[in-house]
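Q: Below you'll find the structure I mean.
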């Protein structure tokens, strides 16, 4: 996955605290593939939301806050 999105995209979607649920759109141009879905304060809530997404063609990533 590291070559699928840019470091700039990752930094822009890494929250200060909590967790951001993000997706990767492989049909977008490089540098615009990562998109924000939702923010959660607790890991359990973010993980549950990730599991509940009902789109088998969607690639999801959780980014942990920097603090």
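Q: Output the residues belonging to the range 2-26 that are closer than 19 Å to residue 55 by Cα and out of contact with any strand residue (DSSP E or B) (no Cβ under 7 Å at 6 or more places or on another chain).
A: We begin by selecting, within the range 2-26, every residue closer than 19 Å to residue 55 by Cα; these are 20-26.
Answer for the range 2-26, where residues must be closer than 19 Å to residue 55 by Cα and out of contact with any strand residue (DSSP E or B) (no Cβ under 7 Å at 6 or more places or on another chain): just 26.
Every residue, every condition in (1) in a loop (DSSP other than H, G, I, E, B); (2) closer than 16 Å to residue 59 by Cβ; (3) at pLDDT below 95, yes or no:
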{"site": "8", "(1), (2), (3)": "no, no, yes"}
{"site": "11", "(1), (2), (3)": "no, no, yes"}
{"site": "29", "(1), (2), (3)": "yes, no, yes"}
{"site": "37", "(1), (2), (3)": "no, yes, no"}
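Q: Now, a different point. Pairs please, first residue from the range 37-55 and under 17 Å from residue 17 (Cα atoms), second anywhere and assigned to a loop (DSSP other than H, G, I, E, B), Cβ atoms under 7 Å, 6+ apart in sequence or on different chains.
A: The qualifying pairs are 39/15; 39/18; 40/18; 41/18.
Q: Would you pick out the residues in the range 17-61 that are under 17 Å from residue 7 (Cβ atoms) and within 11 Å of the chain's Cα centre (by Cα)?
A: Within the range 17-61, the subset under 17 Å from residue 7 (Cβ atoms) is 20, 22, 24, 28-36, 61.
Selection gives 20, 22, 24, 33, 34, 35, 36, 61.
Q: If a residue must be surrounded by fewer than 11 Cβ atoms within 10 Å (Cβ to Cβ) and touching a strand residue (DSSP E or B) at 6+ places or on another chain (Cβ under 9 Å), how many such residues does the range 27-58 contain?
A: 2
The values are calculated or read from the model by the stated rules, or taken from the named source; none is laboratory data. None of these values were measured; they are calculated from a predicted model. So basically every Cβ, Gly included, is an ideal-geometry build from the backbone, and we count neighbours across all protein chains shown.
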